1. Of all residues in the stretch 277-289, how many are of a type outside the set (S, T, N, Q) and surrounded by 24 or more Cβ atoms within 10 Å (Cβ to Cβ)?
2. Y652 versus (1) over 26 Å from the mean Cα position of the chain (by Cα); (2) modelled with pLDDT of 95 or more; (3) not basic (K, R): which is the lone unmet condition?
3. Closer than 25 Å to C404 by Cα, within 16 Å of the ligand (Cβ to nearest atom) and either of a type in the set (G, A, S) or surrounded by 24 or more Cβ atoms within 10 Å (Cβ to Cβ) (or both): is that true of G58 in this structure?
4. Only residues in the stretch 661-676 that are more than 29 Å from V592 (Cα to Cα) count as the first member; pair them with residues that are assigned to a loop (DSSP other than H, G, I, E, B) and among the β-branched types (V, I, T), Cβ under 9 angstrom, at least 6 apart or cross-chain, and list the lot.
5. Restricting attention to the stretch 61-76, and to residues there that are touching a residue at least 12 places away in the same chain (Cβ under 8 Å) and small (G, A, S), which single residue is nearest to the ligand (Cβ to nearest atom)?
6. If you go through the stretch 333-382, how many residues are of a type in the set (K, R), modelled with pLDDT of 95 or more and closer than 28 Å to P423 by Cβ?
7. Based on what the data block shows, is A646 of a type outside the set (F, W, Y), in contact (Cβ under 8 Å) with a residue 12 or more places away in the chain and under 13 Å from V724 (Cβ atoms)?
8. If a residue counts only when it is more than 24 Å from L112 (Cα to Cα) and either free of Cβ contacts under 8 Å to residues at least 40 places away in the same chain or among the hydroxyl-bearing types (S, T, Y) (or both), which strands (runs of 3 or more DSSP E) contained entirely in the stretch 458-525 have at least 1 such residues?
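The values are calculated or read from the model by the stated rules, or taken from the named source; none is laboratory data. Note that this is a predicted model, so its numbers are computed, not measured. Reconstructed Cβ throughout: ideal geometry from the backbone, glycine too, with neighbour counts over all protein chains shown.
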Amino acid sequence: MTKLDSVAAMPDPATPRQALPWTDTSLPPELRAAMVVAAMSQAEKFAWLSATQALPNGDPAPTDEAIGSAGYYPSIPRLGIPAMQQSDASLGVTNPGNIRPGDQATALPASLLLGATFDPDLAHETGALVGREARAKGLNVMLAGGANLVRDPRCGRNFEYISEDPLLTGVMVGQSIAGIQSQHVVSTIKHFLLNAQETGRPVVSSDLGEAAMRESDLLAFQIGIEIGQPGSVMTSYNLVNGTYTAEDPFLISTVLKGDWGYPGWVMSDWGGTHSTAASALAGLDAESGAQWVPDQFFAGLLAAEVAAGRVPQLRIDDMIHRTLRSLFAIGVIDDPPRPGGPIDFDAHRRVAQRAAEQGIVLLKNSGDILPASAQMSRILVIGGHAYCGVLAGGGSSQVTPDDCLQEPGVTIRGEDLPRTYHPSSPLAAIQAMAAGAQVDYLDGHDVDDAAEAARTADLVLLFATEWRSEGLDAQGLSLPHAQDRLIDAVATAQPRTVVVLEIGGPVTMPWLAKVAAVLVAFYPGVGGGPAIANVVFGRVNPSGRLPCTFPASEEQLPRPCQLDPATTTSEPSEWRTHPIFHVNYDIEGADVGYRWFERKGFEPLFPFGFGLSYTDFVLSEIVAIPNENGFAVAVTVTNRGSRAGADVPQVYVGRAGHIGFVHRLAGFRRVMLEAGEHRRVEIAVEPRLLARFDVGRQRFMIEGGRYSVRIGRHAADASLVLDVKLDAAGLGAGPT
Ligand code: BGC
């Protein structure tokens with residue numbers, strides 16, 4: 001069977017159609033899946049329960065039928081069932097190592113930057129882009145949907161996650177998944193649950209009580225699943241409260257499949273299984289990355305458990321049924337991918353650039369130094385390899401276009417993950433926009449030279465970078481490689497210094513008072529260079545809002561002490577032998593990020609939701625409108641400046657004097673307005689954000705009484721407050 005045949009897996013033409021009744025598209029997916037399960041042999045079923053990675057250069061080498069990606073399950077041609085070809089995912093379709101000629105993909109901005117747009121429509125659009133490219137490569141399952149909360153700003157994978165807030169994360173990730181699946185490609189949501197740090201990820205237990213979990217990390221997944229209806233959920237590497245998530249009956253069976261009625265299949269993370277019967281009975285449906293699992297728990301060992309009667313055959317059939325149901329429901333089988341189909345890379349690059357433009361955050365703009373005039377005589381660009389590209393995060397999510405600059409990065413699971421710069425030069429874009437100016441570039445390695453050159457420039461654009469990767473947490477919040485010293489020296493020499501940060505999460509800024517402006521571009525993807533230049537020169541009005549709090553120092557974190565690099569455990573040999581250790585997330589509980597800052601009365605460097613604009617917005621005529629969910633907020637947003645731009649009014653609900661009910665983001669709305677325009681908008685308020693989870697009753701409960709409702713521009717903005725009285729109500733643990 002060739003790769004092309006396998007994706008569609010056409011049954012033998014001699015097979016009479018009535019012999020394959022599940023090809024009738026008018027039947028419900030549950031029934032179609034049940035019919036296939038009934039027709040499958042036990043060997044065919046077991047071939048879909050445990051799979052090794054199938055990377056093009058991987059070990060073991062992929063079979064002929066495998067396209068060569070993160071995961072592969074063989075086709076069943078006699079039944080017309082295609083192979084599952086799984087690939088990463090959220091930041092674009094990955095092409096590990098870029099080793100196959102012509103295997104290109106659009107590198108999207110980091111998910112944190114997508115979070116910063118507060119724009120669910122854009123999340124859907126970028127998701128659909130991923131789905132289209134996946135189809136054109138013959139891939140039918142995307143390992144996308146990173147929905148973990150940014151609990152520790154030092155986590156190495158924060159750039160793959162949306163935010164520190166459950167509502168923003170759930171809404172954006174849900175729309176991104178819906179976008180992927182609109183192209184008849186399955187998306188996962190991952191990593192279920194509490195994969196909040198990379199340090200020791202296969203041996204760390206994230207410890208958190210149920211109520212707090214339901215109100216934070218679980219809520220992000222719950223909302224994401226309701227909106228996106230992902231075909232699959234991927235468990236995490238870590239343990240939760242002492243149990244590996246891939247064998248946790250509470251998380252998989254009680255909450256996900258039980259309370260939430262989730263009908264899809266649950267796969268492990270790659271090499272993230274630790275048992276056979278315990279995992280199968282807890283509800284795990286497939287074992288991924290099985291080459292890192294001694295003896296493959298879901299192959300011969302599982303067959304033996306079934307034979308011994310310790311795992312019922314019905315459970316095996318349910319695993320396969322769930323998988324097939326998702327494939328039918330999402331259209332993977334009826335409308336299979338077309339390998340070799342065209343990809344409009346120019347159009348997709350423009351989408352990536354627009355996404356970056358909407359998410360870049362302007363944090364400081366003294367004396368309106370930005371937007372910069374293109375009429376300057378000398379601009380000095382320093383650092384960040386700005387001459388060639390923009391930084392990308394490392395690990396399984398990394399897209400590697402041709403012409404990337406690569407430097408040594410980190411070794412994970414025996415694989416070298418390079419530090420990669422996407423080929424999108426900010427310097428070239430700046431030169432093109434400031435055509436009359438002399439634009440010089442210095443790499444910034446010589447601090448004195450850079451400061452000296454800065455002295456006589458009209459404007460300095462200093463690019464500072466901070467690389468993060470899967471498997472590698474930041475050791476602190478400072479910019480690495482003495483870049484703080486460089487910025488300080490340059491800004492001392494030239495106050496007209498604008499710092500552009502290409503970072504994978506919050507950093508501290510000891511030089512903040514000295515610089516004129518700060519832009520946060522996170523990892524902006526393959527349209528990053530022009531996107532940054534467009535914001536700098538005002539062709540684009542910045543509208544990004546911080547998706548996570550920027551602390552003033554590590555001292556403000558719930559766990560200020562350094563993450564211990566000795567427990568990194570990136571080598572598989574250590575995964576099953578290293579002692580398990582615990583991280584206590586009950587310290588902050590559900591009060592992640594900005595909620596922790598409010599609870600402790602800490603003033604961050606920049607709060608969640610914060611971001612400046614080149615225009616000036618006013619919020620007025622705010623009222624609460626009661627409805628069956630509690631209430632919504634209506635507000636008039638006016639752009640009283642002279643440029644078009646987008647504002648993001650945010651609704652935070654809290655209970656003064658109630659311990660554990662600090663203000664929580666309960667609604668938001670991105671509003672695009674022409675200069676002088678105003679619009680009345682209604683912002684829906686998510687009822688579960690008004691509630692506490694009552695573990696005894698197993699439901700969200702809204703307490704009757706008075707609530708303080710802030711409508712503002714960021715989490716610490718208390719300038720506009722409504723007092724709202726709510727009646728007591730119960731919401732159930734499942735879908736609202
Ligand atoms: C990562 C997953 C990824 C998988 C397949 C794992 O190491 O944690 O997010 O989907 O690899 O590449």
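1. The total comes to 6.
2. Only one criterion in (1) over 26 Å from the mean Cα position of the chain (by Cα); (2) modelled with pLDDT of 95 or more; (3) not basic (K, R) is unmet by Y652, namely (1).
3. So G58 passes the test.
4. Partner pairs satisfying both residue conditions: L673/T615; A675/T615.
5. So, considering only residues that are touching a residue at least 12 places away in the same chain (Cβ under 8 Å) and small (G, A, S), the one nearest to the ligand (Cβ to nearest atom) is A70.
6. 4
7. no
8. Once the strands (runs of 3 or more DSSP E) in the stretch 458-525 are filtered for at least 1 residues that are more than 24 Å from L112 (Cα to Cα) and either free of Cβ contacts under 8 Å to residues at least 40 places away in the same chain or among the hydroxyl-bearing types (S, T, Y) (or both), what remains is 497-502.
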